[in-house]
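The values are calculated or read from the model by the stated rules, or taken from the named source; none is laboratory data. Please read all numbers here as calculations on a predicted model, not as lab measurements. When we count neighbours, we look across all protein chains shown, and the Cβ atoms used for this are built from the backbone with ideal geometry, even at glycine.
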Amino acid sequence: MSLLDVEDLRVTFPVGGGPDVPAVDGVDLQVEAGEIHGLVGESGSGKSVTARSIMRLLDGAEVRADRFDYRGEDLYAKSETEMRQVRGDEIGMVFQDSLSALNPVMTVGEQIAEVVRHHGDLDESAGLLSELRRKYVTGTSASAPSWRRAVDLLETVGIPDPEAVATAYPHQLSGGQRQRVMIASALGGDPSLIVADEPTTALDVTVEAGILDELRRLCDDLDVAILLITHDLGVVAETCDSVTVMYSGSVMERGETEDLFENPAHPYTKGLLRSIPEGAPVDGELTTIPGSAPEPTERPEGCPFRDRCPAAFDACADPLPEHAVDEGHVARCHLYTEGEGPHDVAWGASAGGDGEADDAAGRPTPTEVTDG
């Protein structure tokens with residue numbers, strides 16, 4: 001049984017006076033204990049909405065799923081009081097903008113200590129009056145178990161001189177330090193799963209590498225599962241054990257990272273890989289995916305990628321099928337039929353199935369055979 005098991009997730013935002021916005025449409029997502037699972041796709045593909053649905057942080061949205069289990073328990077059957085315990089105790093979250101997520105008038109040590117008191121197993125009062133007294137009058141004593149734990153967590157995430165950093169305010173720290181503080185805070189309740197929403201956005205490449213290395217180490221050393229939300233396939237290749245590729249609110253492909261990178265089975269995945277230097281053809285020319293993702297209210301019927309796909313044909317207007325490429329590797333594409341798949345269709349063909357020749361089923365005849 002997966003640590004997190006989501007089936008057919010659909011998230012819609014009601015809009016007064018206009019059409020409802022279908023942000024996520026039929027997403028399946030499984031995260032295993034102790035792994036880093038990447039959720040990747042272009043901006044607007046529904047990654048962050050999917051992540052926030054796990055934490056039940058989508059006020060006003062209509063969320064439906066055939067299954068939404070964490071450790072075998074339905075998260076959407078829990079009361080809000082029960083979910084407040086799940087957030088922090090069982091599932092931690094690292095937000096994209098650490099400067100906005102952290103309280104500017106509290107030291108970072110105080111903020112981590114508060115999480116530890118509420119979600120850790122400490123014999124230390126976490127009542128409202130006690131918290132207000134700490135926040136506005138006394139602060140947390142340096143000898144208190146929660147403060148010592150906060151300092152330990154800062155050291156765990158690789159911050160030098162954690163005792164001094166614990167007394168600093170968020171604006172006094174660099175972006176990389178703040179992201180490490182966010183990770184330390186997420187670890188405050190000893191969760192089994194951390195949802196990291198674009199945790200390295202706006203960081204330079206050196207700092208990004210350090211944060212990603214830290215996430216990998218935490219996963220290996222503490223057996224914490226991480227759902228890593230990103231638009232960067234390079235980050236996925238270096239960090240993740242498995243990956244789910246999203247486009248316009250839907251899952252296009254999922255599988256083990258190494259298998260998916262070596263054997264991409266969906267034209268969208270293939271196009272993404274060819275648009276980064278590591279996946280470029282041997283001639284060194286990067287391939288771009290023409291056009292842009294549709295607005296959520298203007299998605300075409302069937303495959304949402306078909307208007308941009310160089311291999312689209314008549315059947316792409318039908319609901320997406322799911323095909324097993326290999327054990328644990330699944331693609332949702334009409335082209336993936338027995339003996340013929342997206343591997344055989346080059347990205348040089350024009351979109352909409354207007355290639356050099358079409359077969360009787362309306363499928364474009366490949367103009368080039370490529371494995372790239």
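Quick one: which residue in Val181, Val165 is free of Cβ contacts under 8 Å to residues at least 60 places away in the same chain, within 22 Å of Pro104 (Cβ to Cβ) and part of a helix (DSSP H, G or I)? Spell out how you get there, then give the answer.
Numbers: Val181 fails: free of Cβ contacts under 8 Å to residues at least 60 places away in the same chain.
Going through Val181, Val165 in turn, just one is free of Cβ contacts under 8 Å to residues at least 60 places away in the same chain, within 22 Å of Pro104 (Cβ to Cβ) and part of a helix (DSSP H, G or I): Val165.
Between Asp152, Asp161, the distinction of being of a type in the set (D, E, K, R), within 28 Å of the chain's Cα centre (by Cα) and surrounded by fewer than 18 Cβ atoms within 10 Å (Cβ to Cβ) belongs to Asp152 only.
Among the residues of region 212-225, is there at least one that is under 27 Å from Thr12 (Cα atoms), among the hydrophobic types (A, V, I, L, M, F, W, C) and at pLDDT 90 or above? Steps first, answer last, please.
First, the residues of region 212-225 that are under 27 Å from Thr12 (Cα atoms): none.
Within region 212-225, none of the residues are under 27 Å from Thr12 (Cα atoms), among the hydrophobic types (A, V, I, L, M, F, W, C) and at pLDDT 90 or above.
Given the criterion among the charged types (D, E, K, R), surrounded by fewer than 24 Cβ atoms within 10 Å (Cβ to Cβ), in contact with an Asp or Glu (Cβ under 7 Å, 6 or more places away or on another chain) and within 21 Å of Glu32 (Cβ to Cβ), identify the matching residue among Asp190, Asp197, Asp241, Asp220. The match here is Asp241. In the set Thr297, Thr288, only one residue is farther than 18 Å from Gly38 by Cβ and assigned to a helix (DSSP H, G or I); that residue is Thr297. Of note, Val245 does not satisfy the criterion of being at pLDDT below 85 and among the aliphatic types (A, V, I, L, M).
Any residue at all in region 135-158 that's modelled with pLDDT under 90 and charged (D, E, K, R)? Within region 135-158, one or more residues are modelled with pLDDT under 90 and charged (D, E, K, R). Taking the conditions (1) of a type in the set (D, E, K, R); (2) in contact (Cβ under 8 Å) with a residue 60 or more places away in the chain; (3) farther than 20 Å from Val31 by Cα in turn, Asp152 satisfies each one other than (2).
Okay, residues lined up against (1) over 26 Å from Met55 (Cβ atoms); (2) touching a Ser or Thr at 6+ places or on another chain (Cβ under 9 Å); (3) without any contact (Cβ under 8 Å) to a residue 60 or more places away in the chain:
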{"position": "Ala225", "(1), (2), (3)": "no, yes, no"}
{"position": "Leu228", "(1), (2), (3)": "no, yes, no"}
{"position": "Tyr247", "(1), (2), (3)": "no, yes, no"}
{"position": "Glu253", "(1), (2), (3)": "no, yes, no"}
{"position": "His266", "(1), (2), (3)": "yes, no, no"}
{"position": "Arg274", "(1), (2), (3)": "yes, yes, no"}
{"position": "Pro277", "(1), (2), (3)": "yes, no, yes"}
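Does Gly34 meet the test of being over 24 Å from Pro304 (Cβ atoms), within 19 Å of the chain's Cα centre (by Cα), not charged (D, E, K, R) and not in a strand (DSSP E or B)? Spelling it out, Gly34 is indeed over 24 Å from Pro304 (Cβ atoms), within 19 Å of the chain's Cα centre (by Cα), not charged (D, E, K, R) and not in a strand (DSSP E or B).
Hand me the list of strands (runs of 3 or more DSSP E) wholly inside region 58-129 holding 3 or more residues that are under 23 Å from the mean Cα position of the chain (by Cα) and surrounded by 15 or more Cβ atoms within 10 Å (Cβ to Cβ).
Qualifying strands (runs of 3 or more DSSP E): 67-70, 91-94.
What number of residues within region 1-59 are of a type in the set (S, T, N, Q), within 23 Å of Gly234 (Cα to Cα) and in contact with a strand residue (DSSP E or B) (Cβ under 7 Å, 6 or more places away or on another chain)? Adding up the residues that qualify gives 4. Taking Ile289 as the residue in question, decide whether it is closer than 30 Å to Pro191 by Cβ, β-branched (Val, Ile, Thr) and over 15 Å from the mean Cα position of the chain (by Cα). Against the criterion (closer than 30 Å to Pro191 by Cβ, β-branched (Val, Ile, Thr) and over 15 Å from the mean Cα position of the chain (by Cα)), Ile289 does not qualify. Of all the criteria given as (1) closer than 30 Å to Ile276 by Cα; (2) part of a helix (DSSP H, G or I), the one not satisfied by Ser43 is (2).
Would you say Val243 is under 26 Å from Val94 (Cβ atoms), touching a Leu at 6+ places or on another chain (Cβ under 9 Å), of a type outside the set (Gly, Ala, Ser) and outside any helix (DSSP H, G or I)?
Numbers: under 26 Å from Val94 (Cβ atoms): yes; touching a Leu at 6+ places or on another chain (Cβ under 9 Å): yes; of a type outside the set (Gly, Ala, Ser): yes; outside any helix (DSSP H, G or I): yes.
Against the criterion (under 26 Å from Val94 (Cβ atoms), touching a Leu at 6+ places or on another chain (Cβ under 9 Å), of a type outside the set (Gly, Ala, Ser) and outside any helix (DSSP H, G or I)), Val243 qualifies.
Within region 1-22, is even one residue over 16 Å from the mean Cα position of the chain (by Cα), of a type in the set (Asp, Glu) and over 22 Å from Leu193 (Cα atoms)? Yes: region 1-22 contains one or more residues that are over 16 Å from the mean Cα position of the chain (by Cα), of a type in the set (Asp, Glu) and over 22 Å from Leu193 (Cα atoms). The single residue among Ala209, Ala237 that is in a helix (DSSP H, G or I) and under 26 Å from Ala293 (Cβ atoms) turns out to be Ala237. For first residues located in region 304-315 and part of a helix (DSSP H, G or I), partners that are not hydroxyl-bearing (Ser, Thr, Tyr) and lie 6+ apart or on another chain with Cβ distances below 6 Å form the pairs Asp314/Gly362; Ala315/His334.
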